[in-house]
Amino acid sequence: GKRTFTMIKPDAVENGHIGAILEKITASGFNIVAMKLTQLSKRDAEEFYAIHKERPFFGELVEFMTRGPIVAAILEKENAVSDFRTLIGATNPAEAAEGTIRNLYATSIGENAVHGSDSDENAAIEGAFHFAGREIF
Ligand code: GTP
Ligand code: MG
């Protein structure tokens, strides 16, 4: 697959890391084909993370993801989903490889700076959740 979907999460936006993260993404060969600064409503976050609704951290996750603006983007590259997950590193920044985005910019397993889709199918669903066709280039 050629596309993935990402969000720069509220912690990284608050901490002033938008520019550094976008620089790392484009320097790693991803083209930005859609992008915006936006904020998730509670309903948006609950729908987006519905797969985690039975997990003990679900309430905390929704609270976190809605507390401020995020950058949503669709990225294009060969093997986009898997290469992007390599670039961001493990969910828990304590386990994220040296030089990955989460290693550099995440603060905790919950507040971990970026999202990356976990499959081509979810990348398409998540991209369509945030962008109209005319916003994708
Ligand atoms: P995403 O790219 O955001 O989907 O992260 P991921 O695929 O690396 O992890 P996963 O889909 O399993 O979890 C989704 C998000 O839930 C994580 O990125 C964290 O923000 C949050 N999360 C996961 N595990 C925990 C946890 O143990 N505690 C808390 N507070 N949040 C968690
Ligand atoms: Mg995930």
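The values are calculated or read from the model by the stated rules, or taken from the named source; none is laboratory data. No experiment lies behind these values; they were computed from the predicted model shown. Note: ideal-geometry Cβ built from the backbone for every residue, glycine included; neighbour counts use all protein chains shown.
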**OP:** Can you confirm whether segment 46-54 contains a residue that is surrounded by fewer than 17 Cβ atoms within 10 Å (Cβ to Cβ), acidic (Asp, Glu) and under 22 Å from Ile136 (Cβ atoms)?
**Re:** yes
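Looking at Thr91, is it at pLDDT 95 or above, within 10 Å of ligand 1 (Cβ to nearest atom) and of a type in the set (Ser, Thr, Tyr)?
So Thr91 fits the description; yes.
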Subject >> Residues satisfying the stated conditions in segment 84-96, i.e. among the small types (Gly, Ala, Ser) and assigned to a helix (DSSP H, G or I) >> reply: Ala94
Original post:
Somewhere in segment 34-48, is a residue out of contact with any Phe, Trp or Tyr (no Cβ under 8 Å at 6 or more places or on another chain), part of a helix (DSSP H, G or I) and either more than 19 Å from Glu126 (Cα to Cα) or of a type in the set (Gly, Ala, Ser) (or both)?
Top reply: yes
Subject >> Subset of segment 19-72 that is within 16 Å of ligand 1 (Cβ to nearest atom), without any contact (Cβ under 8 Å) to a residue 12 or more places away in the chain and among the charged types (D, E, K, R) - its residue that is farthest from Gly1 (Cα to Cα) >> reply: Glu63
**OP:** Taking Val81 as meeting all but one of (1) β-branched (Val, Ile, Thr); (2) within 13 Å of ligand 1 (Cβ to nearest atom); (3) assigned to a helix (DSSP H, G or I); (4) free of Cβ contacts under 8 Å to residues at least 40 places away in the same chain, write down the number of the exception.
**Re:** (4)
Original post:
Restricting the search to segment 94-137, which residues are among the small types (Gly, Ala, Ser), within 20 Å of Arg3 (Cα to Cα), surrounded by fewer than 22 Cβ atoms within 10 Å (Cβ to Cβ) and more than 13 Å from ligand 1 (Cβ to nearest atom)?
Top reply: Ala124, Ala128, Ala132, Gly133
